[in-house]
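Student: The structure under discussion is supplied below as structure tokens; questions concerning it will follow.
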Ligand SMILES: NC(=O)c1ccc[n+]([C@@H]2O[C@H](COP(=O)([O-])OP(=O)(O)OC[C@H]3O[C@@H](n4cnc5c(N)ncnc54)[C@H](O)[C@@H]3O)[C@@H](O)[C@H]2O)c1
């Protein structure tokens, strides 16, 4: 029996919600497997999978679901397109996808490019579709957003530490040497880090979107190569409010230690978080704008 996601914003007789997936790496494979095994019960139908290297899908994705040409995804009539490939895909194809469907962005570092954010917002308003952003490895997303909306956030700092093999760095950061036990590769505005660590700055980018009063220029990102972290990703979130009458500030620190296979850019708990984000955004009504889920 097909069970509809409550409050999905679709007429009950309109059939299952049609989902397409861009990217077939660690996250893409997991989401596709969940959609194929549980989708029908949840009112979700996988309508295509696209991957840069189509041969990686052989034997795992039915031929009829393999999308050859990303630009032709509208022909599959998706309701939701999930990006779990690379920020470049969001930058290049995101605005066009919004003409056809809501978009769930798995690589929010793409939005550090102000022009990309502007084009996504314009397309979202024009076509009345949502840009959802997966919170990924960011713990406490709602609390950060609520504090920010209440005007209670003065500083936000997100530190991501892992073994250097877990990094995919570009530009000047790619040449950095990590021979010390712990090397700080970058410390500064998240906007300056994303272009050089597009696949390792997504948690910081999600924080910048959760706290628009600080945004990509005000949230501080710290990237740390730690030779001891061979099997996990560690994300520290530290925030402060403005000083109160006593001179003291409200402050929160969280540490998320996520087991990860050596060299993987995505830890195990983050794979689960993405599936929950996919289910979550299918339960939200489509409305223009950028929404964390
Ligand atoms: N928001 C978060 O907290 C968070 C957490 C983990 C991963 N991510 C992001 O999600 C995305 C997928 O992660 P993953 O663990 O599945 O990675 P992965 O390396 O296992 O798979 C990436 C997939 O995208 C494809 N790909 C890589 N570069 C591409 C490009 N330039 N153009 C088109 N396709 C490309 C690869 O072929 C592969 O199929 C990455 O961008 C990653 O940074 C975000």
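What follows draws every value from the coordinates through simple rules; no lab data is involved. No experiment lies behind these values; they were computed from the predicted model shown. Here the Cβ positions follow ideal geometry from the backbone for every residue, glycine too, while neighbour counts run over all protein chains shown.
Student: When DSSP assigns beta bridges and you keep just the ones with both residues in the chain, what percent turn out antiparallel, to the nearest 5? Don't skip to the answer; put the middle values down first.
Tutor: On the way: 24 of 52 bridges.
For the chain, the DSSP antiparallel bridge percentage is about 45.
Student: What share of all Cα pairs of segment 141-265, in percent, falls into each consecutive 5 Å distance bin?
Tutor: P(r) for segment 141-265, in whole percents per bin: 2, 12, 21, 22, 18, 12, 8, 4, 1, 0.
Student: Which three semi-axes in whole Å describe the equivalent ellipsoid of segment 17-114, each the square root of 5 times a Cα gyration tensor eigenvalue, listed largest first?
Tutor: Calculated on Cα positions only, the semi-axes equal 20, 15, 13 Å.
Student: What distance in nm lies between label points placed 7 Å from Cα along the C-beta direction at residue 88 and residue 71?
Tutor: Placing both labels 7 Å beyond Cα along the Cβ direction yields 1.7 nm.
Student: Let me ask something else about it. Per the helix-only calculation at 222 nm, which mean residue ellipticity applies to the chain, given -39500 (n - 2.57) for every DSSP H run of n ≥ 4 and division by its residues, nearest 500 deg cm²/dmol?
Tutor: Using -39500 (n - 2.57) per qualifying helix, the result is -8500 deg cm²/dmol.
Student: With an 8 Å Cα cut-off and a minimum separation of 6 or more residues, compute the relative contact order for segment 141-265 in percent. Intermediate results must be reported in sequence, preceding the final value.
Tutor: Details: 264 pairs, mean separation 45.4, N = 125.
Once divided by the residue count of segment 141-265, the mean separation gives 36 percent.
Student: To continue, here is another question. I'm checking a number: the convex hull volume of the Cα atoms of the chain, normalised per residue, in Å³. What is it? All intermediate terms of the calculation are to be shown ahead of the outcome.
Tutor: On the way: hull volume 40.5 nm³, N = 293.
Hull volume normalised by residue count: 138 Å³.
Student: Another one. Subtracting the Cα-Cα distance from 0.36 nm times the residue separation, let me have the gained length for residue 45 to residue 99 in nm, one decimal. Intermediate values should be presented prior to the final figure.
Tutor: Details: separation 54, 0.36 × 54 = 19.44 nm, distance 1.97 nm.
Taking residue 45 through residue 99 to full extension adds about 17.5 nm, to one decimal.
Student: Now for a separate question. Restricting to Cα pairs below 8 Å that are 6+ residues apart, what does the relative contact order work out to for the chain? Please round to a whole percent. Walk me through the numbers before you get to the answer.
Tutor: Values: 635 pairs, mean separation 60.1, N = 293.
After rounding, I find 21 percent.
Student: Something else now. Between 0 and 90 degrees, rounded to the nearest ten: what's the tilt of helix 87-97 against the longest Cα principal axis of the chain?
Tutor: 40
Student: Let me ask something else. Quick one: length gained pulling residue 272 to residue 249 fully straight, 0.36 nm per residue minus the C-alpha distance? Let's see the in-between values first.
Tutor: Details: separation 23, 0.36 × 23 = 8.28 nm, distance 3.40 nm.
Full extension from residue 272 to residue 249 adds 4.9 nm.
Student: Moving on to the next point. In what order do 204, 57, 160 fall by count of nearby beta-carbon atoms within 10 Å, going from fewest to most?
Tutor: Working: 204 34, 57 20, 160 25.
Fewest-to-most ranking of 204, 57, 160: 57, 160, 204.
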